[in-house]
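K.L.:
Can you keep this structure in mind? I'll have questions shortly.
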Amino acid sequence: MIKLVASDLDGTLLQGGAQELTPHAVELIRQLTEKGIHFVSASGRQYDNQRRVFEKIKDEISYIAENGSLCIHQGKVISRATIEDSLATRIIAEIKREEHFEIVVSREDSCFIEDNDPAFVNHIVNVMHNTTQIVDDVSTVEGPILKIAICNMSEGSHIMDKYLKHLQDIFKDEIKVVTSGNIWIDFIAPGANKATALEKMMELFHLKPEECMAFGDQYNDIEMLQLAGTSYAMSNAAPGISYYSTYVTDSVEEVLEDLINELE
């Protein structure tokens with residue numbers, strides 16, 4: 001019997017660039033929690049941002065933020081992972097050698113960006129509604145740093161795929177570098193991913209993998225999809241993601257509807 005549902009947001013529960021849940025999704029999640037099923041938002045997004053997305057039910061669910069670097073239940077940090085300061089410094093220095101990429105440095109209290117590209121600043125502040133501080137140089141941000149992400153809003157996935165390989169070649173022995181969307185590349189804190197955080201949730205609730213269901217669409221979801229006993233890759237997921245899931249679906253909401261009907 002499923003006792004926990006974990007879902008990625010962008011490209012999964014939020015489709016087509018949406019920044020708000022549908023009312024139907026909110027109602028389905030509320031029904032799940034009322035039936036005693038734990039719901040976990042598992043995203044590369046910051047914790048504050050996710051609470052805004054789930055505003056109407058924000059205190060009824062749990063959170064995996066920053067790709068697993070932060071795991072929070074009922075306002076309490078269950079687990080935390082950080083990027084060593086010296087490694088973060090080298091990563092940022094390498095990215096700054098290029099002109100095509102905007103950098104987001106994430107701490108628990110805020111994310112930090114530079115005011116270089118008005119479209120990017122608008123996306124982070126006014127579209128995603130991140131808790132944000134704009135600084136002259138993200139290299140000066142003091143840790144502990146949970147995640148570093150880079151974005152290219154204009155040139156699409158082709159340049160990101162090429163640059164991803166370049167960054168992986170340099171840093172693969174020290175940190176995981178993955179895409180988390182068509183225009184995003186994330187550096188995930190060593191030893192952390194959505195599955196390591198989900199394992200902490202499972203320990204907290206005394207659950208087994210076969211009692212968990214997970215949804216995802218990107219390479220930062222792979223470990224979580226592998227961990228859950230039942231997992232769904234989105235039909236528009238990144239190439240190869242479905243290999244790591246039990247099923248493929250067009251809609252998280254449809255699967256949740258079926259789950260609720262089974263519980264009736």
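Just so it is clear, none of the values below were taken in a lab; they were calculated from the coordinates. Since this is a predicted model, take the numbers as computed values, not measurements. Every residue, glycine among them, receives a Cβ derived from its backbone with ideal geometry; neighbour counts consider all protein chains shown.
K.L.:
Among D137, D117, D186, which is within 17 Å of the chain's Cα centre (by Cα) and acidic (D, E)?
P.N.:
Exactly one residue qualifies, and that residue is D186.
K.L.:
Still on this structure: Somewhere in region 142-151, is a residue of a type in the set (D, E) and not in a helix (DSSP H, G or I)?
P.N.:
yes
K.L.:
Let me ask something additional. Of all residues in region 181-203 being of a type in the set (D, E, K, R) and touching a Ser or Thr at 6+ places or on another chain (Cβ under 8 Å), which is nearest to C151 (Cα to Cα)?
P.N.:
Here the residue is D186.
K.L.:
Which ones in region 205-237 are more than 21 Å from S69 (Cβ to Cβ), of a type in the set (A, V, I, L, M, F, W, C) and in contact with a strand residue (DSSP E or B) (Cβ under 7 Å, 6 or more places away or on another chain)?
P.N.:
L207, M213, A233, M234
K.L.:
Continuing with the same structure: Could you go through region 43-57 and let me know if any residue there is in contact with a strand residue (DSSP E or B) (Cβ under 9 Å, 6 or more places away or on another chain), small (G, A, S) and surrounded by 22 or more Cβ atoms within 10 Å (Cβ to Cβ).
P.N.:
yes
K.L.:
Now for a separate question. Give, as residue ranges, the strands (runs of 3 or more DSSP E) completely inside region 19-135 that count at least 1 residues that are among the hydroxyl-bearing types (S, T, Y) and either within 21 Å of A228 (Cα to Cα) or without any contact (Cβ under 8 Å) to a residue 60 or more places away in the chain (or both).
P.N.:
38-42, 62-65, 76-80, 132-135
K.L.:
Ok, one more. Of all residues in region 66-96, count the ones that are in contact with a strand residue (DSSP E or B) (Cβ under 7 Å, 6 or more places away or on another chain), hydrophobic (A, V, I, L, M, F, W, C) and under 21 Å from I185 (Cα atoms).
P.N.:
Count: 7.
K.L.:
Please work out if S86 is surrounded by 21 or more Cβ atoms within 10 Å (Cβ to Cβ) and either over 30 Å from L204 (Cα atoms) or among the hydroxyl-bearing types (S, T, Y) (or both).
P.N.:
no
K.L.:
Let me ask another. Select from region 215-264 the residues that are free of Cβ contacts under 8 Å to residues at least 12 places away in the same chain and outside any loop (DSSP other than H, G, I, E, B) and write down the one among them that is surrounded by the most Cβ atoms within 10 Å (Cβ to Cβ).
P.N.:
S242
K.L.:
Give I134, I150, I170 a once-over and let me know the one that is under 17 Å from Y219 (Cα atoms) and not polar (S, T, N, Q).
P.N.:
Residue meeting the stated conditions: I150.
K.L.:
Name the single residue that is nearest to D48 (Cα to Cα) among those in region 152-171 being charged (D, E, K, R) and part of a helix (DSSP H, G or I).
P.N.:
Here the answer is D161.
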